[in-house]
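Visitor: Please see the structure below; I have some questions.
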């Protein structure tokens with residue numbers, strides 16, 4: 001963005017073109033009051049385009065500048081104006097807090113000092129999209145507006161939960177839904193990661209919807225939480241697809257590991273809400289949520305989302321007769337139903353298969369890079385001892401290096417590639433081609449090729465070093481983008 005206007009409180013998207021291909025650039029942001037902040041460096045793609053984002057939640061308003069300096073000499077400067085979104089608000093005092101209040105037909109948004117106006121509009125838009133989903137999936141349309149309380153940090157969230165008559169929470173919650181309290185509604189910590197807002201909002205709205213459908217009844221808590229995360233995923237998928245696909249894969253992975261390791265917790269044991277609230281082991285609580293989501297996700301996938309509302313109603317009517325409910329609505333007893341859920345976790349979906357392909361690719365490339373260290377050692381030995389070697393020995397040593405890099409290039413060429421790894425693979429191919437070109441130049445030099453061969457060798461190695469940095473960065477960025485962990489890249493044990 002250049003001389004554009006953006007609203008404080010949102011994620012800003014930047015893109016710069018006309019850089020050198022694969023050039024790494026440093027980013028320096030200068031605020032309207034002259035404070036300089038360095039952002040993480042980014043690397044241009046093969047076309048010379050670099051893109052990055054910035055969370056502007058805590059940025060001051062006014063004219064900002066960004067200085068982009070590249071390792072290959074590119075220099076670009078951008079300017080943009082950050083401003084507050086204008087909202088028609090009124091001040092309402094609740095307890096000891098003076099809230100600014102913004103009203104829409106669907107909701108009343110109370111926001112505290114420190115919450116940006118554009119963030120309020122963002123929450124409102126997410127809520128509208130959530131209503132659209134719940135209208136179709138749960139056949140539910142609210143008859144009254146919903147209260148949102150948007151707080152600037154965890155401390156403010158705890159303060160307002162206490163004022164509402166609820167527990168202050170553990171300080172880790174991004175959002176809390178209260179229903180039937182002196183002050184009910186959805187309470188959000190706006191300091192939580194901006195990328196998670198769509199899921200959190202849709203999740204908490206689900207609790208409000210479920211509470212209204214259930215009335216005085218209560219379905220097992222695993223279904224309520226699973227339904228909330230199902231709605232969170234489906235709504236947020238249309239807003240930030242990459243973020244949500246990552247979330248779903250990691251959540252399913254948590255439940256899948258429990259199945260594989262015999263740690264699956266029978267859903268009967270997590271049917272009571274108190275069990276969830278009293279659990280202090282974070283990893284166990286994480287498994288509660290993962291199992292709950294996997295279960296509702298299975299229902300929606302196997303029976304369609306139209307099965308969710310009847311199942312919610314039946315479970316709320318007969319929470320102690322889950323086996324009879326699943327037999328009636330799903331055609332199987334509760335034990336067999338859980339087996340089917342577990343089996344669904346062991347089957348990879350399309351996205352999981354794509355990610356698994358990236359994992360396999362990264363494992364192979366990492367092995368090649370480890371072996372390149374040994375090949376580079378041969379080169380360093382040749383370079384260090386060259387002056388003391390006879391010509392025949394020099395020719396033999398450099399030929400050994402050439403063959404080592406030719407073998408590495410062949411292995412890269414034979415590595416299985418997918419759409420997700422194609423760009424990174426292209427850079428690795430160029431890297432090892434340049435290494436081989438450089439080594440062959442030195443080989444020709446030793447065979448009497450003169451300075452032209454020597455220059456070709458030096459140029460090839462210089463280019464290879466640059467490309468190797470770009471290739472490694474590209475692989476790391478891809479793994480980060482897909483939320484692939486180091487443990488997933490560990491070699492698999494032979495069976």
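Visitor: So how many residues does the stretch 65-82 have that are in a strand (DSSP E or B), over 23 Å from residue 122 (Cα atoms) and touching a residue at least 12 places away in the same chain (Cβ under 8 Å)?
Guide: 10
Visitor: Just give me the residues in the stretch 148-169 being more than 22 Å from residue 210 (Cα to Cα) and out of contact with any helix residue (DSSP H, G or I) (no Cβ under 9 Å at 6 or more places or on another chain), in sequence order.
Guide: 152, 153, 154, 155, 156, 157, 158, 159, 160, 162, 163
Visitor: In addition: Does residue 397 count as surrounded by fewer than 18 Cβ atoms within 10 Å (Cβ to Cβ) and modelled with pLDDT of 95 or more?
Guide: So residue 397 does not fit the description; no.
Visitor: Considering only residues that are outside any helix (DSSP H, G or I) and within 28 Å of the chain's Cα centre (by Cα), which ones fall in the stretch 183-195?
Guide: 185, 186, 187, 188, 189, 190, 191, 192, 193
Visitor: Still on this model: Mind checking which residues of the stretch 323-339 are free of Cβ contacts under 8 Å to residues at least 12 places away in the same chain and either more than 35 Å from the chain's Cα centre (by Cα) or part of a loop (DSSP other than H, G, I, E, B) (or both)?
Guide: Answer for the stretch 323-339, where residues must be free of Cβ contacts under 8 Å to residues at least 12 places away in the same chain and either more than 35 Å from the chain's Cα centre (by Cα) or part of a loop (DSSP other than H, G, I, E, B) (or both): 324, 327, 331, 332, 333.
Visitor: Let me ask something else. Applying the selection to the stretch 18-29, what residues are touching a strand residue (DSSP E or B) at 6+ places or on another chain (Cβ under 6 Å) and either free of Cβ contacts under 8 Å to residues at least 24 places away in the same chain or surrounded by 16 or more Cβ atoms within 10 Å (Cβ to Cβ) (or both)?
Guide: 19, 23, 24, 25, 27, 29, listed by residue number.
Visitor: Tell me yes or no: at least one residue of the stretch 213-222 is surrounded by fewer than 17 Cβ atoms within 10 Å (Cβ to Cβ) and more than 28 Å from residue 299 (Cβ to Cβ).
Guide: No; the residues of the stretch 213-222 include none that is surrounded by fewer than 17 Cβ atoms within 10 Å (Cβ to Cβ) and more than 28 Å from residue 299 (Cβ to Cβ).
Visitor: When you scan the stretch 112-128, how many residues do you find that are outside any helix (DSSP H, G or I) and buried (at least 19 other Cβ atoms within 10 Å of the Cβ)?
Guide: Qualifying residue count, the stretch 112-128: 3.
Visitor: Sticking with this structure for a sec: Within the stretch 129-182, track down each residue that is without any contact (Cβ under 8 Å) to a residue 24 or more places away in the chain, surrounded by fewer than 18 Cβ atoms within 10 Å (Cβ to Cβ), under 28 Å from the mean Cα position of the chain (by Cα) and not in a loop (DSSP other than H, G, I, E, B).
Guide: 132, 135, 155
Visitor: Considering 312, 329, which residue is out of contact with any helix residue (DSSP H, G or I) (no Cβ under 6 Å at 6 or more places or on another chain), surrounded by 14 or more Cβ atoms within 10 Å (Cβ to Cβ) and within 27 Å of residue 130 (Cβ to Cβ)?
Guide: 312
Visitor: When you look at residue 479, is it crowded, with 21+ Cβ neighbours inside 10 Å and under 17 Å from residue 357 (Cβ atoms), yes or no?
Guide: In short, no.
Residues checked against (1) part of a strand (DSSP E or B); (2) at pLDDT below 95; (3) within 26 Å of the chain's Cα centre (by Cα):
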site	(1), (2), (3)
27	yes, no, yes
32	no, no, no
45	no, no, yes
51	yes, no, yes
63	yes, no, no
91	yes, no, no
100	yes, no, no
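Visitor: Checking residue 241 against (1) more than 20 Å from residue 176 (Cβ to Cβ); (2) crowded, with 18+ Cβ neighbours inside 10 Å: exactly one of these is not met. Which one?
Guide: (2)
Visitor: So which pairs qualify, if the first residue must be in the stretch 30-56 and without any contact (Cβ under 8 Å) to a residue 12 or more places away in the chain, the second must be surrounded by 16 or more Cβ atoms within 10 Å (Cβ to Cβ), the Cβ gap must be under 6 Å, and the two must be at least 6 apart or on different chains?
Guide: Cβ pairs passing all conditions: 36/30; 37/29.
Visitor: Since residue 370 meets every condition but one in (1) surrounded by 15 or more Cβ atoms within 10 Å (Cβ to Cβ); (2) within 30 Å of residue 416 (Cβ to Cβ), which condition does it not meet?
Guide: Only one criterion is unmet by residue 370, namely (1).
Visitor: Let me ask another. Please state which of the following conditions residue 1 fails to meet, knowing it meets all the rest: (1) within 27 Å of the chain's Cα centre (by Cα); (2) at pLDDT below 95; (3) surrounded by fewer than 16 Cβ atoms within 10 Å (Cβ to Cβ).
Guide: Evaluating residue 1 over (1) within 27 Å of the chain's Cα centre (by Cα); (2) at pLDDT below 95; (3) surrounded by fewer than 16 Cβ atoms within 10 Å (Cβ to Cβ) leaves (3) as the failure.
Visitor: In the stretch 400-410, is there at least one residue being closer than 30 Å to residue 242 by Cα and touching a residue at least 40 places away in the same chain (Cβ under 8 Å)?
Guide: There is no residue in the stretch 400-410 that is closer than 30 Å to residue 242 by Cα and touching a residue at least 40 places away in the same chain (Cβ under 8 Å).
Visitor: Next question. Identify all residues within the stretch 105-122 that are out of contact with any strand residue (DSSP E or B) (no Cβ under 6 Å at 6 or more places or on another chain) and either under 21 Å from residue 195 (Cα atoms) or free of Cβ contacts under 8 Å to residues at least 24 places away in the same chain (or both); write none if there are none.
Guide: Across the stretch 105-122, the qualifying residues are 114, 116, 117, 119, 121, 122.
Visitor: Scan the stretch 348-371 and tell me whether some residue there is farther than 30 Å from residue 414 by Cα and not in a loop (DSSP other than H, G, I, E, B).
Guide: no
The values are calculated or read from the model by the stated rules, or taken from the named source; none is laboratory data. Owing to the predicted nature of the structure, the values given are computational and were not obtained by experimental measurement. So basically every Cβ, Gly included, is an ideal-geometry build from the backbone, and we count neighbours across all protein chains shown.
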